[in-house]
1. Put a dot 7 Å past each Cα toward the Cβ at Ile31 and Ser17; how far apart are the dots in nm?
2. Leaving out ligands and nucleic acids, and using a 1.4 Å probe, what accessible area per residue does the chain come to in Å²?
3. Let me have the relative contact order for the chain, percent, based on Cα pairs under 8 Å that are six or more residues apart.
4. Can you check how the C-alpha radius of gyration of the chain compares to 2.2 N^0.38 Å, as a plain ratio?
5. What net charge do the residues around Asn83 carry, taking every other residue with its C-beta under 10 Å from that of Asn83, with Lys and Arg at +1 and Asp and Glu at -1?
6. Using the Cα centre as the reference, give the magnitude of the dipole from point charges on the C-beta atoms of the chain (Lys, Arg: +1; Asp, Glu: -1; all else neutral), rounded to the nearest 20 debye.
7. What list of ³J(HN,Hα) couplings, whole Hz, do you get for segment 82-87 from phi and the Karplus terms 6.51, -1.76, 1.60, once you set θ to phi - 60° and write x for glycine and proline?
8. Mean separation of Cα pairs under 8 Å and 6+ residues apart, divided by the residue count of segment 13-80: what relative contact order is that in percent?
Amino acid sequence: QVQLVESGGGLVQAGGSLRLSCAASGVIFSINAMRWYRQVPGKQRELVAAISGGGNTNYADSVKGRFTISRDNAENTLYLQMNSLKPEDTAVYYCYTRLGNDYWGQGTQVTVSS
């Protein structure tokens, strides 16, 4: 059974930083591609960043240069370092992987005040 558990969200002022974590279990973490998504009420879930098993990364244009996705395969943990946060980054952030089926974490709230 694949489980993804996010942590690290919170309230931060614009310009500040947060680091999100996603602890994974039940998956061969080192070879699975992983993603971070975010969702604002009333809007579709948006892909923020992705990392392949080999460490290749991709980012949404809105977060390029500010966010960094990384993984620690020894700890089965995915990270999202978020710097220079803006009020428009406010959302619930989810980690995701696909192993036959789609698996999502429960989400962690990030709120950026202006």
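The values are calculated or read from the model by the stated rules, or taken from the named source; none is laboratory data. Note that the coordinates shown come from a computational prediction; the quantities given were computed from them, not determined experimentally. Glycine also receives a Cβ, built like all others from the backbone with ideal geometry; neighbour counts cover every protein chain displayed. Calculation scope for accessible area: heavy atoms of the full protein, side chains included, ligands and nucleic acids excluded. Shrake-Rupley method; radii C 1.70, N 1.55, O 1.52, S 1.80 Å.
1. 3.5
2. 53
3. Result for the chain is 36 percent.
4. 1.00
5. +2
6. So the magnitude is around 140 debye.
7. Calculated HN-Hα couplings, in order: 10, 10, 6, 5, 10, x Hz.
8. It comes to 35 percent, rounded to a whole number.
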